[in-house]
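Everything below concerns the one structure shown next.
The values are calculated or read from the model by the stated rules, or taken from the named source; none is laboratory data. These figures come from a predicted structure and were not determined experimentally. Cβ coordinates were reconstructed from backbone atoms using ideal geometry, including for glycine residues, and neighbour counts include every protein chain displayed.
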There are 2 protein chains.
Amino acid sequence: MRLLASTDFALRILLRLVAAPDRRLDTPGLALATGVPRNHVHKIVQSLAAAGYVRTTRGSGGGVTLLRSPAQIPIGAIVRHFEAEQALVECDRADGGACPLMPDCALRGILRRARGVFLAALDTTSLADCAPAVSIGNRNIPTLPSPRTRRKSAGASR
Amino acid sequence: MRLLASTDFALRILLRLVAAPDRRLDTPGLALATGVPRNHVHKIVQSLAAAGYVRTTRGSGGGVTLLRSPAQIPIGAIVRHFEAEQALVECDRADGGACPLMPDCALRGILRRARGVFLAALDTTSLADCAPAVSIGNRNIPTLPSPRTRRKSAGASR
């Protein structure tokens, strides 16, 4: 089983924001720090902003900031947000899929219940539980060039 | 979150075998009944045979048969068998992945624990729980041409 790349990327971006809560990062900075391609950073930040997890500020000194404390963002909520449309298997698709064994097969219900258990487990943990090492004192954060240097070398920020 | 296509296909093939325990199905027959592409059926049946879930018999009247009762095949075991190498996210890869937030991030452990809970939930159910409608009296099984007719029209069976 695997999560979507967008879920992986969103968790990385959020965890990087947790690691440096007092430092605004723009799209190029987040891409550099998380290994997420820049065009994906932009789309995922927009989705997180629409859901009320982050705020983006334009202009000099702008960037992305968390709108909630890390302890108030369950991992399960982020996974649900990005995986809402994702089918576990063919018969779990929103259009019912094309498995010839349906509807006389109970597999879909069994898999959905197991997914519910997976998400419930993730609901008991938050971003604060994920990044204990980096959220205290900003230890071990990958070194980034300053925003001014980065903007000069990488062009306009988001 | 999603399961691999091979896991989906393996479950369909096994459930089709549960539905017709007294009728041997060959590769073309299983492909027709499950919607799984024929080359995938062949590979998946080989994997299931190597793991001791099914037996294949060649020649006239040959085909694939279950080697255990459906109640003795947990869904979790099949999912584990086909998803053993599958990483949930980048940092869960066997080679450690390339996420710059590692190793100072606890997300991997949190996701792995949730996956364990997901699989444990599937361990409590078996193939027998998935196909109650079709395993009793072979009701609602998609109509297939007889093996003889099928071999004539579809060429050699495996």
Can you name the residue in the range A:66-77 that is part of a loop (DSSP other than H, G, I, E, B) and in contact with a strand residue (DSSP E or B) (Cβ under 6 Å, 6 or more places away or on another chain) and is also nearest to the other protein chains (Cβ to nearest Cβ) among such residues?
A:73
Take the conditions closer than 16 Å to residue B:62 by Cα and either in contact (Cβ under 8 Å) with a residue 60 or more places away in the chain or within 14 Å of chain A (Cβ to nearest Cβ) (or both) and apply them to residue B:28. Does it pass?
yes
Checked the range B:3-23 for anything of a type in the set (D, E, K, R) and buried (at least 17 other Cβ atoms within 10 Å of the Cβ); matches are B:8, B:12, B:16
Just one of A:33, A:10 is within 12 Å of another protein chain (Cβ to nearest Cβ), over 13 Å from the mean Cα position of the chain (by Cα) and assigned to a helix (DSSP H, G or I); which is it?
A:33
Filter result for residue B:130 (within 13 Å of another protein chain (Cβ to nearest Cβ), under 14 Å from the mean Cα position of the chain (by Cα) and crowded, with 19+ Cβ neighbours inside 10 Å)
yes
Got at least one residue in the range A:86-102 being outside any helix (DSSP H, G or I) and farther than 30 Å from residue B:14 by Cβ?
no
Inspect the range A:45-53 for any residue being buried (at least 20 other Cβ atoms within 10 Å of the Cβ), in a helix (DSSP H, G or I) and at pLDDT 95 or above and give the result as yes or no.
yes
Look through A:80, A:108, A:112 and report the one residue that is in a helix (DSSP H, G or I) and within 13 Å of the chain's Cα centre (by Cα).
A:80
